[in-house]
Amino acid sequence: IGLEYTRAHVFQIDPATKRNWIPASKHAVTVSFFYDANKHAYRIISVGGTKAIINSTISHNMTFTKTSQKFGQWADSRANTVYGLGFATEQQLHQFAERFKEVREAARLAREKSQDKMELSNAALSIAAPQDLSDELQSPPVMCVNGPEDKLFRSQSADITLSSEKERIKKMLSEGSICEMNLESELFTLQDSNAKLVAALHEANANVEQWKKQLVAYQEETERLRDQVADLEAHGGQGPSDMLKDELTQSLEELENLLKAKDGVRHRIHVSASLNVFQELEMRNVELERRVQNTEQNLASALQDRERAENEVQRVIQILDVKIFDLNDLRQSLVKLISK
């Protein structure tokens with residue numbers, strides 16, 4: 001059994017008007033190409049919930065027609081209807097049309113092989129002895145009943161296995177989602193801590209720049225006072241000028257002492273901040289960046305695992321759809337056998 005699928009909006013022609021389209025699905029559903037090895041037949045199937053939306057057996061004379069850039073249709077004489085598919089992109093429509101041609105050609109070859117086998121079988125039956133033929137015709141019908149029953153049991157066993165596999169994949173998806181949420185939370189925490197450290201670093205740099213500006217202002221004030229003292233000494237005044245000179249000299253000394261104290265404080269702050277705080281902040285920043293990179297890698301890995309699990313779930317769902325069709329066929333066969 002082989003499966004290939006795509007997603008599209010499904011429509012059926014209005015049986016009353018034969019012109020208008022009736023939506024068969026509220027949203028895009030999975031449309032699959034399915035090969036039944038037991039019946040040597042190719043089918044297009046689609047399931048919406050528990051309802052079969054499309055169950056079209058492909059014959060050699062079917063044609064898929066593109067009616068617009070994203071819409072195509074084909075007629076199914078056995079189902080007495082016309083199916084229409086609306087795709088999201090023009091490329092998806094083109095891929096489906098090409099695959100439809102390949103499957104139609106495969107159906108033609110399978111039909112020719114089946115006809116050749118029937119001809120050979122008829123020739124062999126015509127040569128066989130009448131007694132052998134009567135024995136074959138009088139073979140007990142119980143074998144026909146046991147065959148579908150065995151297939152039914154095998155199908156039920158396969159469905160149980162698929163159900164357990166589906167539960168395991170759901171559990172994997174749940175665990176992957178929890179891990180992804182934890183990784184995202186840790187990533188946001190690290191980014192917040194990194195932002196706070198960067199803000200503290202910028203604030204420290206701004207304080208250093210402010211101290212530098214104050215130092216320059218004090219130096220300019222000192223130079224101005226020195227110029228005033230030099231002017232007073234050049235004039236050689238007495239009395240109040242001497243007193244002003246003493247006051248200016250004292251103010252100059254105070255300013256020089258203040259400048260020295262400020263310079264010492266600035267130097268200590270600069271050395272302490274530059275060698276200790278800044279280095280520590282940079283080291284913590286590097287460590288946080290490393291942890292962020294590791295977290296991003298773990299998150300990417302978790303997303304890949306989740307994507308693989310989702311693909312596996314999709315594959316299991318497709319197989320379950322096929323099993324549902326098989327069980328439906330078996331049920332109909334059993335009903336026919338019981339009614340006989």
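The values are calculated or read from the model by the stated rules, or taken from the named source; none is laboratory data. Quick caveat, the model's predicted, so the values are computed rather than measured. Heads up: the accessible areas ignore ligands, DNA and RNA and are worked out on the full protein's heavy atoms, side chains in. Shrake-Rupley method; radii C 1.70, N 1.55, O 1.52, S 1.80 Å.
From the Cα gyration tensor of the stretch 5-116, with a ≥ b ≥ c the square roots of its eigenvalues, which class applies: rounded if a/c is under 1.5, or else prolate if a/b is larger than b/c, or else oblate? Since a/c reaches 1.5 and a/b is larger than b/c, the shape of the stretch 5-116 is classed as prolate.
For the listed residue pairs Lys26/Lys66; Lys26/Lys340; Lys196/Lys260, the alpha carbons are over 32 angstrom apart in Lys26/Lys340; Lys196/Lys260.
Ignoring ligands, DNA and RNA, please state the percent of accessible area on the stretch 5-116 from carbon and sulfur, probe 1.4 Å. If you can, show how the numbers build up before the last one.
Details: 3110 of 6500 Å².
Whole-percent figure for carbon plus sulfur exposure: 48.
Accessible area per residue for the stretch 5-116 is 58 Å², calculated with a 1.4 Å probe on protein heavy atoms, without ligands, DNA or RNA. Heavy-atom accessible area with a 1.4 Å probe sorts Met62, Met283, largest first, into Met283, Met62.
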